[in-house]
1. Once phi is turned into ³J(HN,Hα) by the Karplus curve 6.51 cos²θ - 1.76 cosθ + 1.60 with θ = phi - 60°, what whole-Hz value does each residue of the range 148-160 show in order, with x for glycine and proline?
2. Accessible area of the chain with a 1.4 Å probe: how many percent of it is carbon plus sulfur?
3. Between residue 179 and residue 57, what length comes free when the chain is fully extended (0.36 nm per residue of separation minus the Cα-Cα distance, one decimal in nm)?
4. Calculate how large, on average over all directions, the projected area of the Cα convex hull of the range 5-219 is; give the answer in nm² to one decimal.
5. For Cα pairs less than 8 Å apart in space and 6+ apart in sequence, what is the mean separation divided by the residue count of the chain, i.e. the relative contact order in percent?
6. What residues have an amide H closer than 5 Å to that of residue 131, excluding those fewer than 5 places away on the same chain, when H is modeled at 1.01 Å from N in the peptide plane?
7. Once phi is turned into θ = phi - 60°, what whole-Hz ³J(HN,Hα) does the Karplus curve with 6.51, -1.76 and 1.60 give for every residue of the range 191-199, x standing for Gly and Pro?
8. Excluding ligands, DNA and RNA, what is the solvent-accessible area per residue of the range 5-219 at a probe of 1.4 Å, expressed in Å²?
Amino acid sequence: MGARGVILLGPPGAGKGTQAERISKDYGLVHISTGDMLRDAVARGTSLGRQAKRFMDAGELAPDEVVAGIVAERLAESAPGQGFLLDGFPRSLSQAEALDEALADSGRSVDLALSIQVPEEELVRRLTGRRLCADCARPYHVEFGPPQVADRCDQCGGRLYQRSDDTEETVRNRLAVYRDQTEPLNGYYRSRGVLAGIDGTGRPDEVYARIRRSLDRVQGSEPGQPA
Ligand code: AP5
Ligand code: MG
Ligand code: ZN
């Protein structure tokens, strides 16, 4: 398997974090979630976190200068041959262009953009019932995916918490910001022939089976791989 660059597109609550965990493990890709990195910076009270916090609480995008730098840094840390899975970045056309430039510097590119689609009312249900592990950021849901032991992460035993931006009001604004600034990226990646639309409804393992089919198609078409 050669180096691959995969990005996850899709609205808040589409299941990017849920699916990223499986994809990165099975395909050996480094999972880079800008939302998780920003929440970590907020929790640690770093200057980056202090700059990002008010935007996150309002459901608005943090400024490009704040976000693009942390992604470039994380990509630069990984070996040039290492595949990556970006979750929550890029989220605007200017971020997509910045990403292309950063990748070109190390001879990498976006090979596949997985765009996960879920109807809006389902997104609101998923987000308002979400819980996250404070230690490893794994997502749970009070109804659709509860942990085995109440309020504890199945994976690492960490405590579960609710994100402060998962209230119905902030969720509605995040969805509006998505439609306005992030959805146009579907066209950007479609015109490059790397977009794969994924039906994000149904159980997480059903969604994952659809994602695998797209990923395996890209892998099979790489030079040196049997078709
Ligand atoms: P970020 O953390 O990226 O949030 P988001 O895009 O709003 O997406 P979510 O994490 O809410 O949803 P998800 O798709 O990961 O869903 P999940 O798998 O958890 O960004 C947060 C904020 O940070 C932004 O608002 C912005 O301020 C800032 N930010 C981040 N990146 C930025 C950038 N590039 N530029 C500027 N600012 C940036 O699933 C959701 C729930 O549904 C869970 O409870 C899960 O258990 C459940 N679920 C998942 N799949 C299923 C299923 N198939 N059936 C039923 N339930 C399911
Ligand atoms: Mg997420
Ligand atoms: Zn955990």
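The values are calculated or read from the model by the stated rules, or taken from the named source; none is laboratory data. Small disclaimer: the values here were computed from a predicted structure and weren't measured. Cβ atoms come from the backbone with ideal geometry, glycine included; neighbour counts cover every protein chain shown. With ligands, DNA and RNA removed, areas are computed over all heavy atoms of the protein, side chains included. Shrake-Rupley method; radii C 1.70, N 1.55, O 1.52, S 1.80 Å.
1. 5, 10, 3, 6, 10, 6, 4, 7, 10, x, x, 7, 8
2. On the way: 5420 of 11160 Å².
C and S atoms contribute 49 percent here.
3. Numbers: separation 122, 0.36 × 122 = 43.92 nm, distance 1.83 nm.
That works out to 42.1 nm of additional length.
4. Details: hull surface 44.6 nm².
Value for the range 5-219: 11.2 nm².
5. On the way: 328 pairs, mean separation 64.7, N = 227.
Relative contact order comes out at 29 percent.
6. Sorted by chain and number, the residues that satisfy this are 140, 141, 142.
7. 5, 8, x, 10, 7, 10, x, 10, 6
8. Working: 10280 Å² over 215 residues.
I get 48 Å² per residue for the range 5-219.
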